[in-house]
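I have placed the structure first, in the form of structure tokens, so that the comments after it can refer back to it.
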Amino acid sequence: MKKSNLIFLLLSICYTSLAQNPLVTHLFTADPTARVFDGKLYIYPSHDIVPEHGVDAPKFCMPDYHMFSLENGSTWKDYGVILDQNEVPWGEKNSNGMWAPDCVKKGNTYYYYYPAKPKDGSAFRRIGVGTSKSPTGPFKWGKSYIKGLKGIDPGLLIDDDGKTYLYFGGGKELFVSQLKDNMKEIASEPIKIEALPEGYKEGSFCFKKDGIYYFTFAHVFPGEGYTIGYATGKSPFGPFQYRGKIMDNIGNGTNHHSIVNYQGKWILFYHWWDISGYNKLRSMRADYMEFKEDGSIKKVKPSLRGIGSPKVGDTIQIDRYNEINGAKTTFVGGNEPSGWMVCDTRMLSHVKFNNVDFGNGSATKMQARISSGQRIGHFEVRLGNPKGQLIADFPVQYTDGWNSWKTIEVPLLEKVTGNQDIVVVFISHWDVDKIVNLNWLLLK
Ligand code: FUB
């Protein structure tokens, strides 16, 4: 085996994280381009890091790329670093400018497009390409950047006739170029995408549905923060007509996205910086997206629940809820390594978590990860709504205090099959103002 392949294999960390939002928390990830290859969902994001002391990176500090795949419907596998900035044959060393990438498959080859700062000083960013026979690499990196293009945020569209279009750019204007069949050279000079509204734009992502080209992009209306907007047209070159926002501004900074259809559902991938509190340390997220009958896109509201269906054996991160009433969430503490929990639970508080996959009904038990400094009460797990069918009943136990975590287990009271929404209802006396802390549930 070649040394580089061996190193690649060793770097393929099997770190997994649940598919709720944010998608991973072991590193900061931004600009998520999701792609479905042969039925499997992959994400090609960029990677934000905290600059090392002495590194002049007042803006983004982005030294390399990881990539991820969705495993078992609810966990993300991190393949480790697939490209480091100092491996870019034409790139300036240590420039920390590995911004938003994309990856597409044509024939049996995967083409990974990424922007980097060229060492010849010819532009702020050029776009390079790597090729691989596998979606997870290793990629063979082209010796030069694509000639004739300058800019950031490559977004690729392979049309039904096999022709490939590269959308790119950031600023007041966005561009598209058709690529030659070799996928590494432009077949046409960049064309400016016309008739988009005023304001800063970046993060072009074009997809086709029912014969319509949806050109989507991050957009700052003058006086407003980043939104995700879209325009539609009848050709990959446009003209496009602006149709509105897919996501409203969710705070200051950027929002870069992609859209895929996975297992019959449309998903919007985007990023936010809610867990770092700093808009240069972002975390990728995903939420379902829907179309109206007239082909327009319903606005997506960022949720904690996100996508994915935990199965028997997966932790159900109940603190990433669809609905919460009378309780709160916060970071875990004590002997629990990391994550969030449901806390401040009171009489009849409830938390709803949609889309748990009970499969063919093989689960017979349920576990709960709890901490408690008192012992009065219990919590019920019900189907669908707070008064739905009772499927598990956990007594509250004293666990040695609110920072001391313990896993408890009860039998499932019913055989449950298929995808179900579950609701946890907390029961105690009205004067108990803190019943139990709950980190996760698990079907066994
Ligand atoms: O991540 C660096 C840059 O910020 C991306 O290229 C833009 O799309 C914005 O998200």
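Tabulated data for the structure shown
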quantity: Debye, to nearest 20: dipole size of segment 315-443, +1 on Lys, Arg Cβ, -1 on Asp, Glu Cβ; calculated: 40 debye
quantity: Value of Rg/Rh across the chain [Cα atoms, Kirkwood radius]; calculated: 1.01
quantity: Projected label distance in nm at residue 419 and residue 189, using a 7 Å step from Cα toward the beta-carbon; calculated: 4.9 nm
quantity: Dipole in debye (nearest 20) - segment 295-351, about Cα centre, beta carbon charges: Lys, Arg +1; Asp, Glu -1; calculated: 360 debye
quantity: Cα-Cα P(r), segment 315-443, percent of pairs per 5 Å interval; calculated: 2, 12, 23, 26, 21, 11, 5, 1, 0
quantity: Accessible area, probe 1.4 Å, largest first, for residues 102, 314; calculated: 314, 102
quantity: Cβ charges +1 (Lys, Arg) and -1 (Asp, Glu), total dipole of the chain, debye; calculated: 720 debye
quantity: Percentage relative contact order, segment 315-443, counting C-alpha pairs under 8 Å, at least six apart; calculated: 38 percent
quantity: The chain: most fluctuating residue of 116, 187, 30 per GNM, C-alpha cutoff 10 Å; calculated: 187
quantity: 27 Å Cα-Cα threshold exceeded, pairs from 133/298; 292/444; 208/352; 40/301; 40/234; calculated: 133/298; 292/444; 208/352; 40/234
quantity: Order by protection proxy (mean Cβ within 10 Å, highest first), peptides 324-330, 145-151; calculated: 145-151, 324-330
quantity: Pairwise centroid distance, computed over Cα atoms, of segment 259-315 with segment 59-136, Å; calculated: 22 Å
quantity: Among 171, 112, 197 - extreme Cα towards positive end, dipole of the chain, charges at beta-carbon; calculated: 112
quantity: Computed label-point distance, nm, for sites residue 71 and residue 212 using a 7 Å Cα→Cβ extension; calculated: 3.9 nm
quantity: Rel. contact order, % - alpha carbon contacts under 8 angstrom, at least six apart, segment 3-289; calculated: 15 percent
quantity: Surrounding net charge for residue 304, when Lys and Arg each add one and Asp and Glu each subtract one, Cβ distance under 13 Å; calculated: +2
quantity: Local electrostatic count, residue 135, Cβ distance below 10 Å [Lys/Arg +1, Asp/Glu -1]; calculated: +3
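The values are calculated or read from the model by the stated rules, or taken from the named source; none is laboratory data. Small disclaimer: the values here were computed from a predicted structure and weren't measured. Methodologically, a virtual Cβ is constructed for each residue, glycine included, from the backbone with ideal geometry; neighbour enumeration extends over all protein chains shown. Keep in mind that these areas ignore ligands, DNA and RNA; they rest on the heavy atoms of the full protein, side chains included. Shrake-Rupley method; radii C 1.70, N 1.55, O 1.52, S 1.80 Å.
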